[in-house]
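Colleague: Dropping a structure here in structure tokens format, bear with me for questions.
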Amino acid sequence: MRLRIDGCDVSLDLSAGSTFGAVLAEAGRRVASEGRVVSRIVADGREISTRFEREMADRSVGEIDTVDITTTTPDALFREALDGAVDLSLAIRRDAVTILSSVRAGDLTAAGPRYAACIESLGTFFQLAGAVFNAIGTGVFPLAVRPGSAGELPSPPFATAGILQRLLEAQKGNDWKSVADILEREILPNIDGWSAFFKALKEIGAE
């Protein structure tokens, strides 16, 4: 397997039977030793998402020809993640308001396709939100003002997973009244809370 980091070939001391996951772990350590973080992984021309990375972790390196890893600084990745999170939160809010209006009017034909897309976006958003918050907590994304140190940073919402699960259960049971109630009373306030949190982070900025 050929490994390239930021366009440069890198040789790793791999043992027999080494896996894709082991290669990425070692590459991550090398990148971290230089004060950088992995921003993109491409295996044989295919960009690898976090989910697909887990699925490929146990594959032998002999099954993969080339892996290209792109790195960036923690600050740049942090700002990119914040921009993406704020943009996605605004898009979800617009969709949720439109869906809510359609459901309240009894127009499920109009609500259905947009609802399915909104649910997918919510799942992506909540994963991103959790990843950013965890990265702050572990110091991967250092802040000029640490959470709780000056009272300037609002607390992020924590009921996210439960809200999404209730929404899915209501839709599965074809209980669209409950879907509308959850969208209005829980999803929208939760999204607004995360959006405010991310905007506060952007104002504080990273070191």
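The values are calculated or read from the model by the stated rules, or taken from the named source; none is laboratory data. Just so it is clear, the structure is predicted and the values come from calculations on it, not from any experiment. Note that each Cβ is placed from the backbone with ideal geometry, even for glycine, and that neighbours are counted across all protein chains shown.
Colleague: If Thr109 meets every condition in (1) farther than 16 Å from Ala135 by Cβ; (2) surrounded by 14 or more Cβ atoms within 10 Å (Cβ to Cβ) apart from one, which number is that one?
Modeller: Checking Thr109 against (1) farther than 16 Å from Ala135 by Cβ; (2) surrounded by 14 or more Cβ atoms within 10 Å (Cβ to Cβ), the one that fails is (2).
Colleague: Residues of the stretch 178-188 being more than 17 Å from Gly130 (Cβ to Cβ) and either within 18 Å of the chain's Cα centre (by Cα) or free of Cβ contacts under 8 Å to residues at least 24 places away in the same chain (or both), which ones?
Modeller: Ser178, Asp181, Ile182, Arg185
Colleague: Something else: So which of Arg40, Arg59 is outside the structural domain of Asn134 (by TED's automatic domain parsing), closer than 30 Å to Asp192 by Cα and not polar (S, T, N, Q)?
Modeller: Arg40
Colleague: Continuing with this model, one more query. Of (1) of a type in the set (S, T, N, Q); (2) more than 18 Å from Glu80 (Cα to Cα); (3) surrounded by 13 or more Cβ atoms within 10 Å (Cβ to Cβ); (4) at pLDDT below 90, Thr98 satisfies all except one. Which?
Modeller: (4)
Colleague: Okay, next question. For the stretch 190-203, check the following and say yes or no: at least one residue is free of Cβ contacts under 8 Å to residues at least 12 places away in the same chain and closer than 21 Å to Ala110 by Cα.
Modeller: Looking for residues that are free of Cβ contacts under 8 Å to residues at least 12 places away in the same chain and closer than 21 Å to Ala110 by Cα, one finds none in the stretch 190-203, hence no.
Colleague: Test each condition in (1) over 18 Å from Glu184 (Cα atoms); (2) part of a helix (DSSP H, G or I) for Leu90 and report the one that comes out false.
Modeller: Result: Leu90 fails condition (1) only.
Colleague: Would you mind finding the one in Glu63, Glu55 that is modelled with pLDDT under 85, over 30 Å from Lys202 (Cβ atoms) and among the charged types (D, E, K, R)?
Modeller: Of the residues listed, the single one that is modelled with pLDDT under 85, over 30 Å from Lys202 (Cβ atoms) and among the charged types (D, E, K, R) is Glu55.
Colleague: Please give the number of the condition Glu47 fails out of (1) within 19 Å of the chain's Cα centre (by Cα); (2) surrounded by 14 or more Cβ atoms within 10 Å (Cβ to Cβ); (3) outside the structural domain of Leu128 (by TED's automatic domain parsing).
Modeller: Against the list (1) within 19 Å of the chain's Cα centre (by Cα); (2) surrounded by 14 or more Cβ atoms within 10 Å (Cβ to Cβ); (3) outside the structural domain of Leu128 (by TED's automatic domain parsing), Glu47 comes up short only on (2).
Colleague: Out of the residues in the stretch 140-188 that are within 25 Å of Val97 (Cβ to Cβ) and basic (Lys, Arg), state the one that is modelled with the highest pLDDT.
Modeller: The extreme case among them is Arg185.
Colleague: Evaluate the stretch 8-27: report whether one residue or more is closer than 30 Å to Ala111 by Cβ, part of a helix (DSSP H, G or I), out of contact with any strand residue (DSSP E or B) (no Cβ under 8 Å at 6 or more places or on another chain) and not assigned by TED's automatic domain parsing to the domain that holds Asp192.
Modeller: no
Colleague: Anything in the stretch 35-70 that is more than 15 Å from Ser18 (Cα to Cα), assigned to a strand (DSSP E or B) and aliphatic (A, V, I, L, M)? List them, or say none.
Modeller: Within the stretch 35-70, Val37, Val38, Ile41, Val42, Ala43, Ile69 qualify.
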